[in-house]
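Step one of this worksheet: look at the structure below.
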Amino acid sequence: MSTKLIKNGTIVTASDTYTADLLIKNGMIAQIGKEIEAEVDEIIDASGKFVFPGGVDPHTHLEMPFGGTVTADDFATGTTAAAFGGTTTIVDFCLTTKGKPLSDSIAAWHKKADGKAVIDYGFHLMIGEINDEVLAELPSIVKEEGITSLKVFMAYKNVFQADDGTLFRTMLAAKELGAMVMVHAENGDVIDFLIQKALEEGHTDPIYHALTRPSVLEGEATGRAAKLAALAGARLYVVHVTCAEAVQQIAEARLQGVDVWGETCPQYLVLDQSCLEKPDFEGAKYVWSPPLRESFHQEVLWNALKSGQLQTLGSDHCSFNFDGQKDLGLGDFSKIPNGGPIIEDRFSLLYSEGVIKGRITLNQFVDIAATRSAKLFGLFPQKGTIAIGSDADIVIFDPLAQRVLSAASHHMNVDYNPFEGLTVTGLPESVLSRGEFVVRERQFVGALGAGRYLKRAPYTSLNSAGPAEIADPLEKVKQ
Ligand code: URP
Ligand code: ZN
Ligand code: ZN
């Protein structure tokens, strides 16, 4: 492992902004200070650049079977694209199958990632049923496997959807184990009825995907999940929040002391429902669940990030090619695979649309893109910050560089970019994972398989507890 000194950069964390040098040893941050003098293998000049902690993307779907096909990005292409975009940690969703041991699904997910990931990764685990076998497996999954977040789908009827009893029992089990429950919050039963009705009436175009999933059904499910979490005394994280109704439910629950957290995604901050009306079936490129909303919701989401009612930004990266995958839904919007390619552009979109446009501060940017997810998902302070003893996951960021987002230049393994033609200001120039360059001056220099699996810590009443082995960070740096 080489030693490195990053000099003269503007270091930005969730709380501070200052100019300093940063010494990297053993893959970790060993020293931060003014004019550090040290014998190192390499000195990197970061004058005029921001030095951010690597982004933590709490929501990805790599090589995931869904909608009769498999997502286009695997752990090699997906994590490479993530690194280009300034993300150095992802937490991917491990799907499970009813009636099969959870450990089989986890083993399958390890197989997808082993030898492929170029950055570090952890897993969330889907819970589709609760029975004696599941309850018997959960303690070792949380405590030994380090999977400390359990995901329940309240929608996707007859596919992933679980009932309220399953959700509530998952919450009770999670609370016992210090795990967090994550929900996809939409009322799947009512949506299923609306979809069948629309199809019977001959409505088959992509826009009907949005029209059959109204925001009130997201608000209703979010409120229901929050109330169940309050009753169970569990910690709840609502993924991909899209609308005012859901934000309101989260804000009200938080005011009542419920331990509930909310994530939104770049697509909901920047795009709106009108994209689904694009001609020649192009609207299919914009099919997410929950769907893109009318544009007034965007301001609500930005304000919720700014005020702290929503705390994180996930990419919900779930990429399908337009040709050969999205077109499975030609003539029936309900068969369009749900999801889109975002993993690469999450970080720069938040900076460009958020910081440059004055919607959030620079420190809030770091908190939303990295720190808060690391804290919530049991990775802090190993990940998500720049501090002595933390992993040297670093983004050297050029605040003036621009890029036109485009499928022609992105690194995601997919034939379109939902933000095609949008110029972002501010780009990751170089990205380091545990002290080694993965991207250097916009060129990939990483290695397949260099990414490590992250066992994550259960939460405690202190909320931000990190893995026990870095409780004394100075010890490891001194070695
Ligand atoms: O449309 C989406 N969001 N696809 C990914 C699966 C999910 O619901 O998160
Ligand atoms: Zn979802
Ligand atoms: Zn998702």
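If I model the stretch 190-245 as equal point scatterers sitting on the Cα atoms and use the Debye formula, what is log10 I(q)/I(0) at q = 0.13, 0.24, 0.25, 0.30 Å⁻¹?
For the stretch 190-245, the Cα-only Debye profile gives -0.44, -0.92, -0.96, -1.14.
Using alpha-carbon pairs under 8 Å, 6+ residues apart, how would you state the relative contact order of the chain in percent?
On the way: 1195 pairs, mean separation 104.7, N = 479.
Over the chain, the number comes to 22 percent.
Order by neighbour count: Leu138, Leu301, fewest other Cβ atoms within 10 Å first, most last. Write out the running numbers ahead of the final one.
Working: Leu138 22, Leu301 26.
Placing the least packed residue first, the sequence is Leu138, Leu301.
Could you put Ile388, Ile119, Ile90 in order, starting from the residue whose Cβ has the fewest other Cβ atoms within 10 Å?
Ile388, Ile119, Ile90
Given H placed 1.01 Å from N in the peptide plane, which residues other than close sequence neighbours of Met180 have an amide H under 5 Å from its amide H?
Distant-sequence amide H within range of Met180: Ser149, Leu150.
Place +1 on the Cβ of every Lys and Arg and -1 on the Cβ of every Asp and Glu in the stretch 54-376, take the dipole about the Cα centre, and give the residue among Leu125, Gly99, Val300 whose Cα lies farthest towards its positive end.
Val300
Hey, how many Å between the Cα centroid of the stretch 357-422 and the Cα centroid of the stretch 218-295?
Centre-to-centre distance over Cα atoms comes out at 21 Å.
Indicate the helices, whole DSSP H runs only, in the chain that combine a mean Kyte-Doolittle hydropathy of 1.6 or more with a Cα extent along their long axis of 15 angstrom or more. Could you put the intermediate results ahead of the total?
On the way: long enough: 102-113 (17 Å, -0.27); 132-143 (18 Å, 0.46); 164-177 (20 Å, 0.18); 188-200 (18 Å, 0.55); 215-232 (26 Å, 0.48); 244-255 (16 Å, 0.10); 296-307 (17 Å, -0.24).
The answer is none, since no helix passes both cut-offs.
Starting from the 7 Å offset along Cα-to-Cβ, what nm value, one decimal, do you get for the label separation of Lys98 and Ser409?
4.8
Over 20 Å between Cα atoms, which of Lys25/Lys383; Lys151/Lys285; Lys7/Lys49; Lys111/Lys157 qualify? Walk me through the numbers before you get to the answer.
Details: Lys25/Lys383 16 Å; Lys151/Lys285 25 Å; Lys7/Lys49 10 Å; Lys111/Lys157 28 Å.
Where the Cα-Cα span goes over 20 Å, the pairs concerned are Lys151/Lys285; Lys111/Lys157.
Among Gly435, Ser409, Thr425, which residue has its Cα furthest toward the positive end of the charge dipole of the stretch 399-458, with +1 on Lys/Arg Cβ and -1 on Asp/Glu Cβ?
Gly435
In whole Hz, with x marking every Gly and Pro, tabulate ³J(HN,Hα) for the stretch 398-406 from phi via Karplus 6.51 cos²θ - 1.76 cosθ + 1.60, θ = phi - 60°.
My calculation for the stretch 398-406 gives 8, x, 9, 5, 10, 9, 8, 5, 6 Hz in order.
Using modelled backbone amide H atoms (1.01 Å from N, in-plane), which distant-in-sequence or interchain residues come within less than 5 Å of Phe444's amide H?
Close amide H contacts, sequence-distant or interchain: none at all.
In the chain, what percentage of the DSSP-assigned beta bridges are antiparallel, given to the nearest 5? If you can, show how the numbers build up before the last one.
On the way: 32 of 66 bridges.
Of all bridge pairs located within the chain, approximately 50 percent are antiparallel.
Out of every Cα-Cα pair in the chain, what percent are more than 37 Å apart?
So the pairs more than 37 Å apart make up 21 percent of the total in the chain.
Exposure proxy check: Asp398, Asp132, Asp163, Asp92 ranked by fewest other beta carbons within 10 Å? Intermediate results must be reported in sequence, preceding the final value.
On the way: Asp398 18, Asp132 7, Asp163 14, Asp92 24.
Result, fewest neighbours first: Asp132, Asp163, Asp398, Asp92.
Just subtract the alpha-carbon distance of Asp332 and Phe193 from 0.36 nm times their residue separation and send over the number in nm, one decimal.
48.5 nm
State the answer as a single residue: which of Ile141, Gly329, Cys275 lies farthest towards the positive end of the charge dipole of the chain, with beta carbon charges of +1 for Lys and Arg and -1 for Asp and Glu, about the Cα centre.
Going by the charge dipole, the pick is Ile141.
Quick query: amide H of Ile44 versus all other amide H atoms, modeled in the peptide plane; which residues come in under 5 Å with a sequence gap of 5 or more or a different chain?
Counting only residues 5 or more places away or on other chains, the set is Leu5, Ile6, Lys7.
What's the extension gain from Ala447 to Ala38 if we count 0.36 nm per residue and subtract their Cα-Cα distance?
The span from Ala447 to Ala38 would gain 144.5 nm if fully extended.
For the chain, with only Lys/Arg (+1) and Asp/Glu (-1) charged at the beta-carbon, what is the dipole magnitude about the Cα centre, in debye rounded to 20?
Numbers: 42 positive and 62 negative charges, 174 e Å.
Here the size comes out at about 840 debye.
Every number in this text was worked out from the coordinates using simple rules, so none of it is lab data. Computed from a predicted model, the values in this text were never measured in an experiment. With ideal geometry, Cβ positions are generated from the backbone for all residues, glycine too; neighbour counts draw on all protein chains shown.
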